[in-house]
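The values are calculated or read from the model by the stated rules, or taken from the named source; none is laboratory data. None of these values were measured; they are calculated from a predicted model. Because the Cβ atoms are built from the backbone with ideal geometry, glycine has one as well, and the counts that use them run over all protein chains shown.
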Amino acid sequence: MSKIEFAYPAFFYALTLVPLLVAWYFWRGRKGTAPLSLSGFENLDDKQDSARIWMRHVLAMLRMAVITLLIVVLARPQSSNQWEQVTTEGIDIVMCLDVSGSMRAMDFKPNRLEASKNVGIEFVNARQNDRFGLVVFAGESFTQCPMTTDRAVVINFMKEIDFGVIEDGTAIGMGLATAVNRIKDSKAKSKVIILLTDGVNNRGDVGPVTAAELAAGFGIRVYTIGVGSQGNAPMPVQDMFGRTIMQNMPVEIDEDVLRVIAQTTDGSYFRATDNNKLREIYQEIDQLEKTRLDVKQFSKKKEEYFPFLLAALLILLTEVFLRYTLFRTIP
C-alpha cells in the first residue's frame, strides 16, 4: 500500500508566513491609496471598481501559491510502498486415534469414533502451517497417513478410518510408540502427539509409560484425551440372533495412565464427555500449540516533490507573463 510521507515536516511551520504576507499585502495597498476628491471626477471610483482593476490581486495570489508550493517541496514529500514478509515455523503433529470396538459407543453423536474424526478434521483445517500425521490403534497399531503438509490428504485418510481394519483391543503403548517413531526425526521446533482413547491398555509389547518416556527423550509433547461419558454408555451389540441391539456398558478409561503420559512429556490430559467438550479440548490444544510467525516489514520510498515544483514553476511563469502583458498597465 502506498502512502505519502514528508522527510522534513518541520518546514510546514513556514506556512504561517502566508497569511501574514496576505495581511501585509492588503495593509500596504490601503496605505498606498490616498483619498482624493476633485470636482468633475465623482465617477472615478466606479471606474476603479471595474473587474479589470480588481484583477491586480490575482498576481499577489499567484505569488502566495508559489510560496506555498515551494514550502511543500522543501518538506520533501515521499511515497512509501510497504509490504510484509511472513516466515512461518510450523508444528509437526501426529494424531493417534483409538479405533477399538468400544469406540462404537453412542454417548457421543453419532458415536465416539465419528465424533473424534469430525472434530479432528476441524482441527486440521484450522492449522494451515503445520504438518500432520495419522496413527490408528486397537489391538495393534499402524500409520494411517505419513507426515505431510497436504491437509486434504490427511482429511481424506481420516475420513477412511473405520472399525475392523485391525485386530480388536486397546494397545495404547503401541499406538503411542508408533506415533513417536513417525515424528521423532522431525526438524520442527515443536513436536506434538494427540493421543485419543476410551479404554485401558490391554494389548501390545510396549507399555504406555515406556512409550511416554520414549517420547520425552525425543522432546515430543503428548496431549492425552479420554473420551467417554460418566458411568455407563449405550453400545450397539449383537444378540444371539444376529440382531443389533443397544446395551449399556460401563465406561472404563485408564485416566491415571493418561495423566502419567501427559506429565512425563510436559503435555496435558483432558477428559471429553460429549461432542461439545471434545471440540473445546481441541480448541484449547490449538491455543496451546500456536504456530510461530516472524513478520518482517519492508518499505521503498520514492521522491514526490517534482509535481509540486513543476506547479510552482508554471504558476510563477504565469504570474510573470500576466504582469508584463495583460496587467502591465494596471497600477
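Among the residues of region 145-175, write down those that are in a strand (DSSP E or B) and touching a residue at least 40 places away in the same chain (Cβ under 8 Å). Met147, the sole residue that qualifies.
Scan region 228-270 for residues that are part of a loop (DSSP other than H, G, I, E, B), over 14 Å from Gly199 (Cα atoms) and in contact with an Asp or Glu (Cβ under 9 Å, 6 or more places away or on another chain) and the total you get is 2. Annotation: of all residues in region 190-246 being surrounded by fewer than 19 Cβ atoms within 10 Å (Cβ to Cβ) and of a type in the set (Phe, Trp, Tyr), the one that is farthest from Thr149 (Cα to Cα) is Phe241. Scanning region 184-231 for residues that are over 26 Å from Leu278 (Cα atoms), of a type in the set (S, T, N, Q) and in contact with a Gly (Cβ under 9 Å, 6 or more places away or on another chain) gives a single hit, Thr210.
Based on what the data block shows, is Gly267 modelled with pLDDT of 95 or more and within 25 Å of Ala188 (Cα to Cα)? If you could, list the steps in order and put the result at the bottom.
Details: modelled with pLDDT of 95 or more: yes; within 25 Å of Ala188 (Cα to Cα): yes.
Spelling it out, Gly267 is indeed modelled with pLDDT of 95 or more and within 25 Å of Ala188 (Cα to Cα).
Residues in region 132-149 that are more than 25 Å from Ala216 (Cβ to Cβ) and out of contact with any strand residue (DSSP E or B) (no Cβ under 9 Å at 6 or more places or on another chain): Gly139 alone. Of everything in region 190-208 that is of a type outside the set (Val, Ile, Thr) and in contact with a strand residue (DSSP E or B) (Cβ under 6 Å, 6 or more places away or on another chain), the residue that is nearest to Gly90 (Cα to Cα) is Lys191. For Ala177, the stated conditions do not hold, so it cannot be described as closer than 25 Å to Ile253 by Cα, touching a strand residue (DSSP E or B) at 6+ places or on another chain (Cβ under 6 Å) and surrounded by 14 or more Cβ atoms within 10 Å (Cβ to Cβ). Here Ala215, Ala233, Ala211 are screened, and the one residue that is farther than 25 Å from Arg182 by Cα, modelled with pLDDT of 90 or more and either aliphatic (A, V, I, L, M) or in contact with a strand residue (DSSP E or B) (Cβ under 9 Å, 6 or more places away or on another chain) (or both) is Ala233. Checked against the criterion of being touching a helix residue (DSSP H, G or I) at 6+ places or on another chain (Cβ under 9 Å) and crowded, with 20+ Cβ neighbours inside 10 Å, the candidates Arg112, Arg127, Arg151 yield just one match: Arg112. The sole residue among Thr178, Thr210, Thr224 that is part of a strand (DSSP E or B) and farther than 14 Å from Gly101 by Cα is Thr224.
Only a single criterion out of (1) surrounded by 14 or more Cβ atoms within 10 Å (Cβ to Cβ); (2) under 31 Å from the mean Cα position of the chain (by Cα); (3) at pLDDT below 95; (4) over 13 Å from Ile93 (Cβ atoms) is not satisfied by Lys187, namely (1).
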